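Remarks on the structure that follows.
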Amino acid sequence: MKQISFLENMASVEDKLKERIKELTCLYEVTSIIVNCDYNEIEVGLQAIVSCLKKAWQYGNDTQAVLATESYYIETKKEHKDYIFITSTITVFNKNKGELKVGYPASKYMLGDFLEEEKQLLDNVALEVGNLLERKEIKENEILIKRQVEQADRLRILGEITAGIAHELNTPLANILGFAELLKDRNKHDKQAAKDVDKIINSAIYSREVVKKLMFFACEMPQQKKVVKIIPTIKEAIELLNPILKTKNITYKFATTNEDIALKIDGIQLTQVLFNLVMNAVYFSPEGGTIVLEVADRQQEVEISISDEGPGIKDKIGDKIFEPFFTTKPIGDGSGLGLSVVHGIVKSHKGTITHSCNTPKGTIFTVTFSKL
């Protein structure tokens, strides 16, 4: 009897050693995966980690492993309907971002069948996954900051150039308009000449508007900030655009959570922002479409959103739309300055502007101003 007991004890020790080896091997493999993980292919690394977990458990053939975060959901093959799981939280910068869990079929096992060491292993792997996601976030932030710095440098240089161009063009444009008006008066009876002069005048006016946009972009237009109730300003701006909306048979809807919202802002520049965004929405909206303008009064900020039912913004140009002179409109339809002007005005008011997809189609531009 003693001999049998000794042999059973040896077998138990050997089984425990095998389990420890599986667990250590898993932790080593997970560490190796994370060290060699390409941040551009992080999902591949997470899939490999989940596969490692399945092999490390006592009853590997019946094990299912699951990794779930805000951005990823990865699981091994599910052989049974119901499972009992042990779970570890994945934290990124001390915030709960998901969970890592390993389970056995509920019909064959109980929670008591999980080893204490397996729970410790799961905690360690969850910690490693959290560290990996932290490093990914740090890397992405570094890339974003680098892009912002490069963009700021480009915009600064471009701002200096455009300011000079705007000043140089102002005088000759004023002369062109002035003399064109004189020519028109002198050629009242020559219909063809009058038409030609009208074309000159219209082109000069268009060029003058481009110069104004250049000056807005280059921050050459002086700001006059004062506390104003923005809802009347918004309604007045949209009222001026009503003829354009009717031309394309576009329905306009307005909603606000507070009619008395007040901000310290340049009223003329706020109108410029609204004009550009609504005109952009009108241009890309289909005939008979709907444009929705909503103003939300938050605790610390005011949010203005303008949504359309156009084709939307493709992912590959999403980062470029606020760049000066970038446009998807045909030549002659746009200068590529509208959204960059809006961006410059909003930034000068310490605000933000973003764009997102509308449902089921279209784009939503959201402008946020701080109340402080």
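At a glance:
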quantity: Residues satisfying the stated conditions in region 37-86, i.e. part of a strand (DSSP E or B) and farther than 16 Å from residue 109 by Cα; calculated: 66, 67, 68, 69, 73, 74, 75
quantity: Members of region 242-288 that are assigned to a loop (DSSP other than H, G, I, E, B), open to solvent by 50 Å² or more (accessible area, probe 1.4 Å) and charged (D, E, K, R); calculated: 248, 259, 260, 287
quantity: Residue pairs meeting the criteria (Cβ under 6 Å; at least 6 apart or on separate chains; first over 30 Å from residue 227 (Cβ atoms), in region 245-260; second surrounded by 12 or more Cβ atoms within 10 Å (Cβ to Cβ) and among the small types (Gly, Ala, Ser)); calculated: 250/285; 250/289
quantity: Inter-residue pairs, beta-carbon under 9 Å, first under 22 Å from residue 116 (Cβ atoms) and in region 70-93, second open to solvent by 90 Å² or more (accessible area, probe 1.4 Å) and in a strand (DSSP E or B), 6+ apart; calculated: 89/96; 90/96
quantity: Near pairs, Cβ below 8 angstrom, 6+ apart or cross-chain, from region 116-138 (assigned to a helix (DSSP H, G or I)) to any residue that is among the aromatic types (Phe, Trp, Tyr); calculated: 118/57; 134/93; 135/39; 136/39; 137/93
quantity: Residue list for region 91-146, restricted to those being of a type in the set (Lys, Arg) and within 27 Å of residue 35 (Cβ to Cβ); calculated: 95, 97, 101, 119, 135, 136, 139, 146
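The values are calculated or read from the model by the stated rules, or taken from the named source; none is laboratory data. All values reported here derive from a predicted model rather than from experimental measurement. Virtual Cβ from ideal backbone geometry, glycine too; neighbours counted across all protein chains shown. Heavy atoms of the whole protein, side chains included, go into the accessibility calculation; ligands, DNA and RNA do not. Shrake-Rupley method; radii C 1.70, N 1.55, O 1.52, S 1.80 Å.
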